[in-house]
Structure formats: structure tokens, C-alpha cells
Amino acid sequence: MLDSSAGRAVGETPPVVSKSVSKRRQGVSDRAIAWLFVAPSIFLLLAVNIFPLIWTVRLSFTNFRVNRPNAEVQFVGLKNYISVLTDGDIWQTMQATAHFLIWTIVLQVLIGFALAYLINKKFRGNDLWTTIIVLPMMLSPAVVGNFWTFLYQPQIGLFNYAVGYLTGTDPSAFSMIGDVSLAPWAIVIVDTWMWTPFVMLICLAGLRSIPSSIYEAAECDRASKWRQFWTITIPMVLPFLMLAVLFRGIENFKMFDLVVQLTGGGPGSITELTSINLKREAFEKWRTGYASAYAVILFVTVFGLASIYVKALNKVKQR
Amino acid sequence: MPHSYLKSAFAAGVVTGLVSLGAATSAQAEDLTLCWAAWDPANALVALSKDFEAKSGHKISFEFVPWPNFADRMLNELNSGGKLCDLMIGDSQWIGGAAENGQYVKLNDFFDKEGIKMSDFIPATVTGYSEWPKGTPNYWALPAFGDVVGWSYRKDWFSRPELQAEFKQKYGHDLAVPKTFEELKHIAEFFQGRVIDGKTVYGAAIYTERGSEGITMGAMDVLYSYGFEYQNPEKPYELEGYVNSDKSVKGLEFYKELYNCCAPPGSSDAYMSENIDAYKSGQVALQMNFAFTWPGINADPNVGGDKSGYFPNPAGQDGKQFAQLGGQGISVVAISEKQDAALEYIKWFAQPDVQAKWWQLGGYSALRAVVEDPGFAKSQPYAQTFLDSMAIVKDFWAEPSYASLLQASQKRFHNYVIAGQGTAKEALDGLVADWKAIFEDEGKY
């Protein structure tokens, strides 16, 4: 075995490590090193997420307005929270959000799963179709919102033209984003168009994770395709589906850009989702304290619902 | 030792000299940033400002933001103490908040020192763009761009004999510039869905936008002329019976009727640019829009020149005639470290020859020497309409809480006019309640 000093040049003195340094090196525990590695991340998390959250909670109990730097900031107790929870307009935006949330999730899960089921079958051009289907989710929501306003245009819009062609109605006789009864569906359609591929990809991952041996065993037991679908496919894909619902639910609860581009919250306030309403309170009316209380309420709602949902998801996974 | 002392002294002298030179240079030539909306007049201002750069040695950079995001972006900038803008051509409604929160530099001393008199400017623009509190000689801006809502119309369609005859037979008056809003509606109805030169056209492009200020700027034109008042003239902030008077209700009902009968399909969220598009593409006979659009229309190859005419808001049911003020003043941002150079720009901009050139380039000067010049009215096809409209202006609240007041009217008007929810009376009663709550919050009662 070669001595470690054998490779050194003649006359070169070996590096001397002082006893204190050596001791210090030995003194740094694995735990301390681990903390050193995660400290920057924790610091950033505290600075960027936790501190603003605490500050928002603090502001929610005051009458602070960011556009009135000279005004006296007063503690108002629960006044902002009571105002938010008793404001009829806010409950209307909650209803609009619930309508948007429920229908987008239902449609995206159904269509996304159906597409994944089809794509999972081996056929010619499979990869090409997968690429084409996922294209919408690669676009910016602002861009999607903007070009769908053109598709929905009663005089020149392709959507109106297609509906007119299929139903025999005059394309300019209806306005998807200008009609109170149609506008809530207009935003559901666009979000479904854009984000169904995302659900499809998650479902596809779920479908491809099912071992083929299970189906082979079912075939041996002479289980019908229908039975295989309900007793193998659905239970095994369910955790993935639930994950997709969680992602889409959280995303759509805070939906802003797409709907602002499409309808601006109108007509009237029919499509004014909570995030749009919150932005107006915070950055148009500059009611910072009130908007902070509003944001805290929304945060608690989403966090609470998501926590319950994650527990349910874990139970499903453990089955 | 003496040698090294000399060397040190020389080096210190050189450094001091360079620093002084640098300081002197920076005092002479600053890089100023002017913030405004991204629209046609901004391009004219870029061209105009080249003269200032050549004369002063300062460099001007521009930060232009499209109208729908202009208030959001710039008020964020002011409220957060951002140093992006040295000069701000801010909307007229910002003046109260910017003055009370110390965001703009008060210009009275500067005007006195430089001999700039507010009496040299159109009085409505001084009140609208410069004063806070309104009606007091406290100036926070120099009137920079006079603007007002008015109408452009298809003069070539109006002049067709067959259309004139049909219109006269149907409505009993000539197909001409309307004198009242009722007549305007007749014209819009007449053109709605009509086929002209093989193309289906529509009546009137009006403001319906929800997000920023559009529908308020549009509906107010009709409401003012029908008798709407913001408050009791004798008792400020008394709204009941003024905002929601019977006359106001009739005005709002009229605006909804005009939207229902005569707006092009799909114009439920239309503001300045959408209306320009509708008009320039030959879709509509009438277009409500701010005067800044008129130079562009006049120069347009499809609808410009003799094909278009311009008229101020017609009268309401009692013969009253008002128009919504637009336009902005130019202010020095209080947080700017280049205030001297910014004030130099304002001094230069206030000069009559610069203002005359401003008008020539497409900017609406508010200087009386320019607009009262005998040749002004005939200098452009729309110049007389601009003068007539500026003589009948009214403006929205300019209170520090204007944004909340505006959002309330946006919601109430859009809910009624576009979404068709409730009645005009309910919408205006609701608006009174909203505005009262805001003023209560402000400690006005």
C-alpha cells in the first residue's frame, strides 16, 4: 500500500492541521451541518411567506390604508372580519367562485380521465396526440383569456360561429361574456379547455402505474372489462384523481388572470371571483386592513379545506 | 516625505476636482423619467420632448402604461414610495389623494417664481387637473392635456340622400348632428343592424367597461345632462335626492336603453380602444370617446377626413348639456431626487410656443393663448368640437377616496346597464348608500 506521503515532492512539508481546527471540525455535528444547509431556505421561507402572513394578520385588526401614509393607524378589533363576513357582495363572489370551482373540477376530471384512458391505449400517433392535447396548458393564462375573448366575439368569434353552425342560431344573437346567464359558463369552458390536459397527465400517470399483472390475473378469473374498470382501474387511479382535484381546487380558488382578461368580473359582478374582489379591495380601493381580514379568511378556508382533503387522500392511499 | 505629501495633495486635488465635475455635470444633465398612459398623445409628447432634451441637456425617459392598468400601476408606484417617476401626468381624480398624502410637489411657489399664471389656462382644466381642494388656489399640477368625452360620427353615411329621406320619414327630423340625446338614440336605432355597402353596421359604440372606469365615464355624460348632481351644492356630501334624483334615474334608464338598442354585439366591456376599433373598422355610425381619439380618426384611411364629423354631447331632457372631463395635469413627484430638472421641464412645457407645437403634434393644449387663437377653431376639423365640449365639462369626484367611489359606481352601473339586474332607481339608491359609507369612513359626516 502506498504511503500517503509518497506522492509528495521531495522536501515538501505535509500540511499541518492545527489541533484547534481539527477539534472544531470534529465538533460540528451532522445535525448542525444539516441546519447549515437548510438555514438559507428556512430564512427565505420566513422572510417571504411567514413574515408577510403574520404582518397580514396584524394589519387585519387595523384600519390601515397603504395609500394614506400620514393617517393614524387604529386598532379596530374584529370590525374588519365582521364587515367581510356580513358583506352581501362578498357572499355573491363566494357563490361565483363556488360555481366556477365545482364545474371546472367536475368537467376537468371527467374529460381528463376519459382522455387519459384513451391515450393509455396503444395506437398510432399516440405521442403526437398527447403533445397536441397538452398544448393549452403550456400557454399563459393571460394570453388564453385574451384570445378567447376573440373566440367569443359575437360577430367574428369562431366559438359563436361553431355554435351557430351546429344549432342554426344567429352567431351574433348571443354573447358568451356579455350575457348574465352565459358568462359564468364562458369562464368554466375556457378553464376546462386550458387545464383538462393537466388532469389528463396526472390520470395517465396513475393508469400507467397499474401493473399489467393485475389485469392478467383478472382476465384469468374471467372478469369482464367493465368489472376490471370498476374494481381495478378506478380504485388504483383514485389517489391520482384526488391529487388532481386538490391541485385544481387550490388553483381555481385563487383564479384571477384568466377571468380578468375574459370578463373583468362582469357583466355586473356575475363572474367576480373572490380573488378579483380581493384585489379590488386591496389595490383599487386601498382598504388594506379590510383586505387583510378578507385574505386571512380566504387563507383559513382554503387551508382548512385542503387539510381535510389531504387527510381523506391519505386514507384512500392507505387502502 | 515632502515629495509624498505633494503627491497625496495632488491626488486629492484630482479626486476632488473629478467629484466636483461629476456633481456639476449631474446638476446640469439629469435623466428624468416621465410617467403617463400608453396612448397616441404619449407619442406626441415623446416627439415634443426632444426639443426640451436639446435645449436643457437633460435626458427624458418615458414609462407609459396602457389605460386599463395605468391607475393600478402608477398609484402603486406613488403609494409604495417608488422612485421610478420624476414627472407624473396623472389622472385628474388622483389629485386629492396625491396632494393630501404628499405624493406631489405643491407648485404655487414655483409658478409665482417663474411667472406661470393659472389664469392663462382653460378654467375647467385648472379646476380639474391642478387644484386641491377644488376651488382654492392650491396647485399640484400644470394642466397638460385637455380632454373631454364627445362623439364622432360617419358623416359620409349621414349625407346619403336615401338614408336622409328614410330617416326623416321615420323620425320626423333630419339625419344630422343630434341636438338631444333622444335624437342621438333615433340615429343609433336607425343604423342598428342596417346593411351599408354590403356590411351590417350598428348604432353607437358607448363605454361599458367594468374593470377600471369605463362605464362610469360613459353613463355620467348622459346623467349630467339629465340633471344628475354629485351632491347638494349648498351642503357638501349630502347625496340623497341629488345622486338618485328622478332626473338621474331617467338618465341611467336612457343609457341602458341606448346600450340595449344600439351597441354592437359583444360590446359589454368596451372602453376607449374597443370603441376606436369599432369605429375605424366601419362597424358603427356613432362613437362615444374622448377627444384624444379624434386626430387618429381624422388621419385614418378608412374613416378619416371628410368621412367623419365630431360633435359634443347633446342636451338632456331639460336642455342641459354637460360632458365628462378627461385629461390630466403634469406634476412633480415629491419623492423624486431630480425635482429641479423636473420643474425645469414644467417651465419649458408651459411656454406658449411649446404649447402651440403640442397642439400641432396632436396633444390637446389647455393654454388659452393656443385655444383662443382666432385660427384654432378651424385648425382641425375637430377643434371647434373640442372647444364646445371643454365649455360644458363636469368631473367625477377627485377626493382621496376617489378609487372607492369609482369602484362603487362601476359596480352599480354595470350591474344595471349591462347585467340588467334591478332598476335604475335601485342602482342609484345603492350608489348613494355606497358613497355615504365611504364618506362616513372618511369622517365627512
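Taking segment B:111-136 as the region of interest, how many residues are under 18 Å from B:Gln339 (Cβ atoms), touching a residue at least 40 places away in the same chain (Cβ under 8 Å) and surrounded by 16 or more Cβ atoms within 10 Å (Cβ to Cβ)? Step through it out loud before you land on a result.
Filtering segment B:111-136 for residues under 18 Å from B:Gln339 (Cβ atoms) gives B:111-114, B:116, B:130.
Still in the running and touching a residue at least 40 places away in the same chain (Cβ under 8 Å): B:114, B:116, B:130.
Those left that are additionally surrounded by 16 or more Cβ atoms within 10 Å (Cβ to Cβ): B:116, B:130.
Final tally of qualifying residues: 2.
Here's the yes/no breakdown for (1) among the β-branched types (Val, Ile, Thr); (2) away from chain A (no Cβ under 14 Å):
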{"position": "B:Ser389", "(1), (2)": "no, yes"}
{"position": "B:Ala398", "(1), (2)": "no, yes"}
{"position": "B:Leu405", "(1), (2)": "no, no"}
{"position": "B:Ser409", "(1), (2)": "no, no"}
{"position": "B:Ile418", "(1), (2)": "yes, no"}
{"position": "B:Lys436", "(1), (2)": "no, yes"}
{"position": "B:Glu440", "(1), (2)": "no, no"}
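Considering only residues of segment B:125-160 that are outside any strand (DSSP E or B) and under 12 Å from the mean Cα position of the chain (by Cα), which is nearest to B:Val332 (Cα to Cα)?
B:Tyr129
Scanning segment A:166-184 for residues that are touching a residue at least 40 places away in the same chain (Cβ under 8 Å) and surrounded by fewer than 19 Cβ atoms within 10 Å (Cβ to Cβ), which turns out farthest from the other protein chains (Cβ to nearest Cβ)? Don't jump to the end; show me each part of the working.
The first filter runs over segment A:166-184 and keeps only residues touching a residue at least 40 places away in the same chain (Cβ under 8 Å), leaving A:177-180, A:183-184.
Pick out the ones that are also surrounded by fewer than 19 Cβ atoms within 10 Å (Cβ to Cβ) and you get A:180, A:184.
Working: A:Val180: 5, A:Pro184: 12 Å.
Step by step, filter segment A:166-184, then rank; the result is A:Pro184.
Which condition from (1) surrounded by 14 or more Cβ atoms within 10 Å (Cβ to Cβ); (2) not in a helix (DSSP H, G or I) is the one that B:Leu163 breaks?
(2)
Given the conditions (1) at pLDDT 95 or above; (2) of a type outside the set (Asp, Glu); (3) within 24 Å of A:Ile111 (Cβ to Cβ), which single one is not true for A:Ile297?
With respect to (1) at pLDDT 95 or above; (2) of a type outside the set (Asp, Glu); (3) within 24 Å of A:Ile111 (Cβ to Cβ), A:Ile297 is out only on (3).
Would you check which residues across segment A:244-283 are surrounded by fewer than 19 Cβ atoms within 10 Å (Cβ to Cβ) and either without any contact (Cβ under 8 Å) to a residue 60 or more places away in the chain or hydrophobic (A, V, I, L, M, F, W, C) (or both) and list them?
A:Val245, A:Leu246, A:Phe247, A:Ile250, A:Glu251, A:Lys254, A:Phe256, A:Lys279, A:Ala282
Output yes when any residue across segment B:220-227 is within 30 Å of A:Phe256 (Cα to Cα), in a helix (DSSP H, G or I), open to solvent by less than 10 Å² (accessible area, probe 1.4 Å) and away from chain A (no Cβ under 14 Å), and no when none is.
Among the residues of segment B:220-227, at least one is within 30 Å of A:Phe256 (Cα to Cα), in a helix (DSSP H, G or I), open to solvent by less than 10 Å² (accessible area, probe 1.4 Å) and away from chain A (no Cβ under 14 Å), which makes the answer yes.
Does at least one position in segment B:236-248 carry a residue that is open to solvent by less than 10 Å² (accessible area, probe 1.4 Å), assigned to a helix (DSSP H, G or I), within 14 Å of chain A (Cβ to nearest Cβ) and polar (S, T, N, Q)?
There is no residue in segment B:236-248 that is open to solvent by less than 10 Å² (accessible area, probe 1.4 Å), assigned to a helix (DSSP H, G or I), within 14 Å of chain A (Cβ to nearest Cβ) and polar (S, T, N, Q).
Among the candidates B:Gly82, B:Gly96, which residue alone is touching a helix residue (DSSP H, G or I) at 6+ places or on another chain (Cβ under 7 Å), at pLDDT 85 or above and within 14 Å of chain A (Cβ to nearest Cβ)?
Details: B:Gly82 fails: touching a helix residue (DSSP H, G or I) at 6+ places or on another chain (Cβ under 7 Å).
Selected residue: B:Gly96, the only one of B:Gly82, B:Gly96 that is touching a helix residue (DSSP H, G or I) at 6+ places or on another chain (Cβ under 7 Å), at pLDDT 85 or above and within 14 Å of chain A (Cβ to nearest Cβ).
Taking segment B:369-386 only, how many residues are outside any loop (DSSP other than H, G, I, E, B) and crowded, with 17+ Cβ neighbours inside 10 Å?
So in segment B:369-386, the residues outside any loop (DSSP other than H, G, I, E, B) come out as B:369-371, B:383-386.
Filter once more, so that each one left must be crowded, with 17+ Cβ neighbours inside 10 Å: B:370-371, B:383, B:385-386.
Count: 5.
Can you give me the number of residues within segment B:366-395 that are hydrophobic (A, V, I, L, M, F, W, C) and closer than 25 Å to B:Val303 by Cβ?
Within segment B:366-395, the subset hydrophobic (A, V, I, L, M, F, W, C) is B:366-367, B:369-371, B:376-377, B:383, B:386-387, B:390-393.
This time we only want the ones that are closer than 25 Å to B:Val303 by Cβ, so: B:376-377, B:383, B:386-387, B:390.
Here the count works out to 6.
For segment B:192-219, how many residues meet the condition of being farther than 23 Å from B:Ala419 by Cβ, hydroxyl-bearing (Ser, Thr, Tyr) and part of a loop (DSSP other than H, G, I, E, B)?
Residues flagged as farther than 23 Å from B:Ala419 by Cβ, hydroxyl-bearing (Ser, Thr, Tyr) and part of a loop (DSSP other than H, G, I, E, B) within segment B:192-219 amount to 0.
Looking only at segment A:248-297, how many residues end up being at the interface with another protein chain (Cβ under 8 Å from one of its Cβ atoms) and more than 19 Å from the chain's Cα centre (by Cα)? Steps first, please.
Narrowing segment A:248-297 to residues at the interface with another protein chain (Cβ under 8 Å from one of its Cβ atoms): A:260, A:263-270, A:280, A:283-287.
So of that shortlist, the ones also more than 19 Å from the chain's Cα centre (by Cα) come out as A:263-270, A:280, A:283-287.
Number of matching residues: 14.
Here is a yes/no grid of residues against (1) open to solvent by 90 Å² or more (accessible area, probe 1.4 Å); (2) assigned to a loop (DSSP other than H, G, I, E, B); (3) in contact with a helix residue (DSSP H, G or I) (Cβ under 8 Å, 6 or more places away or on another chain):
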residue: A:Trp35; (1), (2), (3): yes, no, no
residue: A:Leu53; (1), (2), (3): no, no, yes
residue: A:Asn67; (1), (2), (3): no, yes, yes
residue: A:Met94; (1), (2), (3): no, no, yes
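Please give the helices (runs of 4 or more DSSP H) falling wholly within segment A:233-319 in which 3 or more residues are farther than 25 Å from A:Arg65 by Cβ. Before you say what the answer is, go through the steps one by one.
Details: elements: A:234-253, A:257-262, A:274-283, A:288-318.
It comes to A:234-253, A:257-262, A:288-318.
Is it the case, given these coordinates, that B:Trp140 is open to solvent by less than 20 Å² (accessible area, probe 1.4 Å), closer than 28 Å to B:Gly82 by Cβ, touching a Leu at 6+ places or on another chain (Cβ under 8 Å) and of a type in the set (Phe, Trp, Tyr)?
Values: open to solvent by less than 20 Å² (accessible area, probe 1.4 Å): no; closer than 28 Å to B:Gly82 by Cβ: yes; touching a Leu at 6+ places or on another chain (Cβ under 8 Å): yes; of a type in the set (Phe, Trp, Tyr): yes.
Criteria not met by B:Trp140.
Would segment B:296-304 turn up any residue that is modelled with pLDDT of 95 or more and surrounded by 24 or more Cβ atoms within 10 Å (Cβ to Cβ)?
no
Quick one: is B:Ala408 small (Gly, Ala, Ser), surrounded by fewer than 22 Cβ atoms within 10 Å (Cβ to Cβ) and without any contact (Cβ under 8 Å) to a residue 12 or more places away in the chain?
Details: small (Gly, Ala, Ser): yes; surrounded by fewer than 22 Cβ atoms within 10 Å (Cβ to Cβ): yes; without any contact (Cβ under 8 Å) to a residue 12 or more places away in the chain: no.
In short, no.
Table: residues versus (1) more than 22 Å from B:Gly214 (Cβ to Cβ); (2) of a type in the set (A, V, I, L, M).
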{"residue": "A:Gly266", "(1), (2)": "no, no"}
{"residue": "A:Ile270", "(1), (2)": "no, yes"}
{"residue": "A:Asn277", "(1), (2)": "no, no"}
{"residue": "A:Trp286", "(1), (2)": "no, no"}
{"residue": "A:Ala291", "(1), (2)": "yes, yes"}
{"residue": "A:Leu305", "(1), (2)": "yes, yes"}
{"residue": "A:Ile308", "(1), (2)": "yes, yes"}
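From the list B:Ala437, B:Ala419, B:Ala341, B:Ala427, which one is within 21 Å of A:Ile270 (Cα to Cα) and assigned to a helix (DSSP H, G or I)? First the steps, then the outcome.
Working: B:Ala437 fails: within 21 Å of A:Ile270 (Cα to Cα); B:Ala419 fails: assigned to a helix (DSSP H, G or I); B:Ala341 fails: within 21 Å of A:Ile270 (Cα to Cα).
B:Ala427 is the lone residue from the list that is within 21 Å of A:Ile270 (Cα to Cα) and assigned to a helix (DSSP H, G or I).
Taking the condition open to solvent by 20 Å² or more (accessible area, probe 1.4 Å), in contact with a Lys or Arg (Cβ under 9 Å, 6 or more places away or on another chain) and without any contact (Cβ under 8 Å) to a residue 12 or more places away in the chain, does B:Glu63 pass?
Considered against the rule, which asks whether it is open to solvent by 20 Å² or more (accessible area, probe 1.4 Å), in contact with a Lys or Arg (Cβ under 9 Å, 6 or more places away or on another chain) and without any contact (Cβ under 8 Å) to a residue 12 or more places away in the chain, B:Glu63 comes out as no.
Exactly one condition in (1) open to solvent by less than 30 Å² (accessible area, probe 1.4 Å); (2) more than 14 Å from chain B (Cβ to nearest Cβ); (3) farther than 15 Å from A:Thr104 by Cβ is not met by A:Trp226; state its number.
(1)
Which residues, taken from segment B:126-169, are over 22 Å from B:Asp40 (Cα atoms) and of a type in the set (Gly, Ala, Ser)?
First, pick out the residues of segment B:126-169 that are over 22 Å from B:Asp40 (Cα atoms): B:126-127, B:130-140, B:155-169.
B:Ser130, B:Gly135, B:Ser159, B:Ala165 - these are the residues of segment B:126-169 that are over 22 Å from B:Asp40 (Cα atoms) and of a type in the set (Gly, Ala, Ser).
Have a look at B:Val303, B:Val333, B:Val354, B:Val371 and point out the one that is touching a Cys at 6+ places or on another chain (Cβ under 9 Å) and aliphatic (A, V, I, L, M). Give the steps one after another, and end with the answer.
Values: B:Val303 fails: touching a Cys at 6+ places or on another chain (Cβ under 9 Å); B:Val354 fails: touching a Cys at 6+ places or on another chain (Cβ under 9 Å); B:Val371 fails: touching a Cys at 6+ places or on another chain (Cβ under 9 Å).
Checking each option against the conditions leaves just B:Val333.
Tell me which residues, restricted to segment B:80-110, are crowded, with 23+ Cβ neighbours inside 10 Å and of a type in the set (Val, Ile, Thr).
B:Ile89, B:Ile95
Looking for something under 19 Å from B:Thr180 (Cα atoms), in a helix (DSSP H, G or I), open to solvent by 10 Å² or more (accessible area, probe 1.4 Å) and acidic (Asp, Glu) - is there at least one such residue anywhere in segment B:258-280?
Let us first name the residues in segment B:258-280 that are under 19 Å from B:Thr180 (Cα atoms), namely B:258-263.
Right, trim to in a helix (DSSP H, G or I) and you get B:258-262.
Pick out the ones that are also open to solvent by 10 Å² or more (accessible area, probe 1.4 Å) and you get B:259-261.
Imposing the further condition that a residue be acidic (Asp, Glu) reduces the set to none.
Within segment B:258-280, none of the residues are under 19 Å from B:Thr180 (Cα atoms), in a helix (DSSP H, G or I), open to solvent by 10 Å² or more (accessible area, probe 1.4 Å) and acidic (Asp, Glu).
If A:Ile119 satisfies every condition in (1) loosely packed, with under 14 Cβ neighbours inside 10 Å; (2) at pLDDT below 95 but one, which is the exception?
Tallying (1) loosely packed, with under 14 Cβ neighbours inside 10 Å; (2) at pLDDT below 95, A:Ile119 fails exactly one: (1).
The values are calculated or read from the model by the stated rules, or taken from the named source; none is laboratory data. Computed from a prediction, not measured in an experiment: that's the story for all the values here. Cβ sites come from the backbone with ideal geometry, for glycine too, and all protein chains shown count toward neighbours. For accessibility, only protein heavy atoms count, side chains too; no ligands or nucleic acids. Shrake-Rupley method; radii C 1.70, N 1.55, O 1.52, S 1.80 Å.
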